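Trainee: Below is the structure I would like to discuss, written out as structure tokens.
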């Protein structure tokens, strides 16, 4: 069941990431005014002035890759979960390279690769923590079951 959920989640997240990164025009095109208004409200309410459009974009790239890294890690068996770590920056690099060579209206950036990698690795870390917690819980449940079922049971006499 874990593999099915992970595969479906990975396909859905992958489709969203591909749509967002490989659309012919930037995803934020036409929204600059709205983004500036939101930032203005945030700044009036305590968000530091240095947090501008570039940080919004950087943070959005991180957020977009967290679920991708999470589901990518869950697709692998537990002992190979680490394979997701090099795949995240490789995937991001391929996307940015495609933007650079194929999509003239898009802006390829090493900052996007860094942000995407941070987000993907955060997702991998959450997946690894979740898997570890589930394994720990399973070991406790099995130990408790064994203890409850061994007490009062006599060894056969030979």
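The values are calculated or read from the model by the stated rules, or taken from the named source; none is laboratory data. It should be emphasised that the depicted structure is a prediction, and the values quoted were computed from it without experimental measurement. Cβ sites come from the backbone with ideal geometry, for glycine too, and all protein chains shown count toward neighbours.
Trainee: Can you tell me which residues in the stretch 1-11 are part of a helix (DSSP H, G or I), over 12 Å from residue 72 (Cβ atoms) and either out of contact with any helix residue (DSSP H, G or I) (no Cβ under 9 Å at 6 or more places or on another chain) or free of Cβ contacts under 8 Å to residues at least 12 places away in the same chain (or both)?
Mentor: Filtering the stretch 1-11 down to residues part of a helix (DSSP H, G or I) leaves 2-11.
Add one more test, that the residue is over 12 Å from residue 72 (Cβ atoms), and what stays is 2-5, 8.
Those that are part of a helix (DSSP H, G or I), over 12 Å from residue 72 (Cβ atoms) and either out of contact with any helix residue (DSSP H, G or I) (no Cβ under 9 Å at 6 or more places or on another chain) or free of Cβ contacts under 8 Å to residues at least 12 places away in the same chain (or both): 4, 8.
Trainee: Pick from 55, 50: which is over 18 Å from residue 116 (Cβ atoms) and either without any contact (Cβ under 8 Å) to a residue 24 or more places away in the chain or part of a helix (DSSP H, G or I) (or both)? Can you show your working first?
Mentor: On the way: 55 fails: over 18 Å from residue 116 (Cβ atoms).
Testing whether each residue is over 18 Å from residue 116 (Cβ atoms) and either without any contact (Cβ under 8 Å) to a residue 24 or more places away in the chain or part of a helix (DSSP H, G or I) (or both) leaves just 50.
Trainee: All but one of (1) farther than 30 Å from residue 3 by Cα; (2) in contact with a helix residue (DSSP H, G or I) (Cβ under 6 Å, 6 or more places away or on another chain); (3) modelled with pLDDT of 95 or more hold for residue 27; which doesn't?
Mentor: (3)
Trainee: Going through the stretch 65-94 one residue at a time, which ones are over 23 Å from residue 4 (Cβ atoms) and surrounded by 20 or more Cβ atoms within 10 Å (Cβ to Cβ)?
Mentor: Matches in the stretch 65-94: 92 only.
Trainee: For residue 100, all conditions in the list (1) farther than 26 Å from residue 131 by Cβ; (2) modelled with pLDDT of 95 or more; (3) surrounded by 15 or more Cβ atoms within 10 Å (Cβ to Cβ) hold save one; what is the number of the exception?
Mentor: (3)
Trainee: Just checking, does the stretch 83-96 include any residue being at pLDDT 95 or above, more than 30 Å from residue 25 (Cα to Cα) and assigned to a helix (DSSP H, G or I)?
Mentor: Residues of the stretch 83-96 at pLDDT 95 or above: 83-96.
Next, from what is left, pick out any that are more than 30 Å from residue 25 (Cα to Cα): 83.
With assigned to a helix (DSSP H, G or I) added as a condition, the list becomes 83.
Yes: the stretch 83-96 contains one or more residues that are at pLDDT 95 or above, more than 30 Å from residue 25 (Cα to Cα) and assigned to a helix (DSSP H, G or I).
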